[in-house]
Each structure stands twice: as C-alpha cells, then as structure tokens.
1. I need the Debye-formula profile for segment 48-92: one equal scatterer per C-alpha, no solvent, reported as log10 I(q)/I(0) at q = 0.29, 0.31, 0.33 1/Å, two decimals.
2. With springs only between Cα atoms under 10 Å, which of 280, 204, 186 fluctuates most in a Gaussian network model of the chain?
3. Where the centre of each part is set by its Cα atoms, how far does segment 196-226 sit from segment 178-193, in angstrom?
4. Compute the orientation-averaged projected area for segment 58-153 from the convex hull of its Cα atoms and round it to one decimal in nm².
5. Roughly what % of DSSP beta bridges within the chain run antiparallel, to the nearest 5?
6. Would you please put 263-271, 115-123 in order of how densely packed they are, using the mean number of other Cβ atoms within 10 angstrom per residue and starting with the highest?
7. Given the convex hull of the Cα atoms of the chain, what is a quarter of its surface area in nm²?
8. I need the Kirkwood Rh of segment 133-198: take the reciprocal of the average 1/r across all distinct C-alpha pairs and report it in angstrom.
Amino acid sequence: MSEFQGSDEHFKRLAIEQEKIQLTKFQGRLAGEYDQYIFLGRSIDRLGKRHETSEVEEFLMSRLGRKAFNLEGVLEGLIRKRGAIHWTDMGGGRGLAMRQMMLSPKLNHNLETSNIDINNYDLSGLKESEIEYLEEHYPGITKDSVKPKFILGNAENIQLLTPVDLITSVEMMQYLDHPIAAICDWYNQLKNGGLMIVSAEHKWSGWIRYEGTVYSDDPHPMEKVLEILEQNNIPFAASGDSYQPGRRFDRRLTREFCNLVIQKVASTYLEPASSVKEIWYNPSNYKAVYYEVDKLPIQVSREAKITSSFNQRYSEQLAGVKRSGKDWE
C-alpha cells in the first residue's frame, strides 16, 4: 500500500484545478489562522480572557482539558493522554502551522507531522521579505528540522501507511469532488480514540447537498451523517457559531455548521454509501456537491471490510458525474 496517489484521473483533474485556483492564494496559514477557523469562540476581551465558546471547543476541552481551546492546546492534550502522537494535515499548503507547532519544546519531542497536498508548495515561491517575517516572529520556522513529512496525493482518497492520532483539514473541503468519502476515509485511518477536526469557512449545508435541492433550509446529507454518527454512539460535535459559556446550546443549529470534530471509536468504520450526481463550480471556485437523494450518505460497520481499493471505490462513486458552472479541461 502506498501513500502516493497521483496517477488516477481525479487526481489529475484536481491538480489542474488547484494549480489555477491557488495562484491567487498564499497557502501559508499559521496556527493563528487555524485557531480562528476551528475555534469559533476565540474572541478575546481587553483583559485577554476568552468570553465565548462553541460546541467544537467544548467537545475538545471535555476530552483533552480546559486548555484545548486552540491548536497547541489540542496537541498538548493529546500528548498528555496518549504519549507521542502523529498529526496529519489534509491540504496543509506550505505546512507552516506544523512547522510552528514543532518549534514548541512542549511538543516537538512527542510530535510527528505529515502534510498531504496535491501540490508541493513548501517554502518555494515565498518572497525574501516573507521568509524574513516568518523568521523574525517564529525563529527557526524555516529550518528543515521542523518541516513536516510531505506526501503528494489526493487527500480525498489518500491511504496512510499507519493510523494517526489527529487529522485536520482547514479550508480545503470545499474544493473536493467527494467530501463525504474523505470524511469516511480519514475517520477509518485514525487510531482508536483519535480525533478528526474539519473546518470550512462556509456552512456545509450550502455546498454538500442532495440532488435537486435549491434552498439553504432543504435537508442535506451532512444532517443525516450526524444522525447516523449519533445512532452509532460515535462522539462528535459540530459548530456554526460561538456563544456565551453557560448558555444552553440549541442542537438544531448543528444543521448549519462549518466545523466538525469526530472521535474514533474502536472497531467502527465509515463507508460512503451514495454516489455524487453533480458538481457545480461557483464563481469563487468552491464546489457544490450533490448526492443521491434516495440513499444514506454513509454506513457504519463494526469490522474492517476488505473491499476494492479506495481509488476504485472513489472512482466508481464519481463515475458519470455531471459538472457545471466552471471546468478546467
């Protein structure tokens, strides 16, 4: 089994798309940007105290300690509970957040990092002034000793060589052809008790849809995904907004979430169960992905299924998909 997955037609399509899209982007999020996307309660008052929270933050703090309200706190909490850990970032761009975390003496001796991306950006293309800025604010961040292992591949169907403790994905899901398959495959490659944290700026109900739906309040597949997770006692939390601590949270708001955390339960496996019927490219190059209406989006299995390869199943579920709006061919 290989971690490199660059030969299939979907990889080539995504690579062409992203080569064009990323020309206008920096691909260089630091840990602070990760915190802003994932931890929606990162509001700071003038005394430096947090005064808001979110379901994702409360979930992580309940399992990893009260300091797990940012990326560094999550990593520290995992190391405290599990010893040495492996963190994989899906679509991590230049891997700067990983480099930054590896600078921490609290983390670096117990942290292994790997960055999966469809293009190898690393530090190439950065201006001299940008390198100087990074070194001034985070001395040592450009050294090879803090560089994550880079794996060129399609994050949607990447097959890791070994299970990992933490998988993150920040502002990448909305570019994928089959985001539900990605969620399933990432979950299946976590160690027991491991965590998957996925964040996108826009509410998932707007771009993971059922075929034929039009309005934002129509049912959408991720609602059903959360329902299935709950029925199978797989711990998760979803956030769309932050709120005051102590306020009773309205779980109905989870249908409009943009962040999702799932914890791996031993001997449970997720399988994508419906095909993608249409992909629409919006003017910002995000995709609205439309799934079959009459099928459950995922299934939960209690044993590992020896089935066709990720690539074969992924290709089958994308076979004949209609594409509209914008295409890169």
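1. Summing over Cα pairs of segment 48-92 leads to -1.06, -1.11, -1.16.
2. Sorting by GNM fluctuation, first place goes to 280.
3. 17 Å
4. Projected over every direction and averaged, the Cα hull of segment 58-153 covers 6.6 nm².
5. That works out to approximately 45 percent antiparallel.
6. Ranking the peptides 263-271, 115-123 by packing returns 115-123, 263-271.
7. Taking the Cα atoms of the chain, their convex hull projects to 17.2 nm² on average.
8. 13.8 Å
The numbers here are math on the coordinates, done by the rules we state, and not lab data. The shown structure was predicted, so the numbers you read here are calculated from the model rather than taken from an experiment. Quick reminder, even Gly has a Cβ in these numbers, built from the backbone with ideal geometry, and neighbours come from all protein chains shown.
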